[in-house]
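Engineer: Pasting a structure here, questions to come.
The values are calculated or read from the model by the stated rules, or taken from the named source; none is laboratory data. Note that the structure is a prediction, hence the values are computed from the model and not measured. Cβ coordinates were reconstructed from backbone atoms using ideal geometry, including for glycine residues, and neighbour counts include every protein chain displayed.
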Amino acid sequence: MRRLLAMVIIMIPSVALAQQTPAKPPAKLTLYKTIDSAACSGDATVWVDSDAHVYYLKGDKFFGKTKHGGYNCRKQADAAGYHASKSRTATPLTAAISALRSS
């Protein structure tokens, strides 16, 4: 009886682990070498740091300057699981203004 109880206790955690659903992998994000090739009509172009999973708006300190990254659209970066830099120097308004100036 003790063996049966011990086996049940051992198997309960493994059954619970097997029932967990795996995490959904983030969407693949294409990184472009130039702002123009990202072609974000109606959306802000951002610099995506693929190592840190962070994006920077135009006007941010690291926009276009991190070692591993490229340009893409903000909505696509959000959908792929990237998030905006917390130490942003640019606000969404200033990013929109600079995006309009560059187009």
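Engineer: Quick one: which of 24, 75, 61 is in a loop (DSSP other than H, G, I, E, B) and at pLDDT 85 or above?
Structural biologist: 61
Engineer: Which one is surrounded by the fewest Cβ atoms within 10 Å (Cβ to Cβ), of the residues in the range 33-65 that are among the β-branched types (Val, Ile, Thr) and closer than 19 Å to residue 80 by Cα?
Structural biologist: Going through the qualifying residues, I end up with 35.
Engineer: Here is a further query. Quick check on my filter: what residues within the range 66-84 are among the aliphatic types (A, V, I, L, M) and surrounded by 15 or more Cβ atoms within 10 Å (Cβ to Cβ)? Lay out the reasoning, then the answer.
Structural biologist: Going through the range 66-84, the residues among the aliphatic types (A, V, I, L, M) turn out to be 77, 79-80, 84.
Residues satisfying the conditions are 77, 80, 84.
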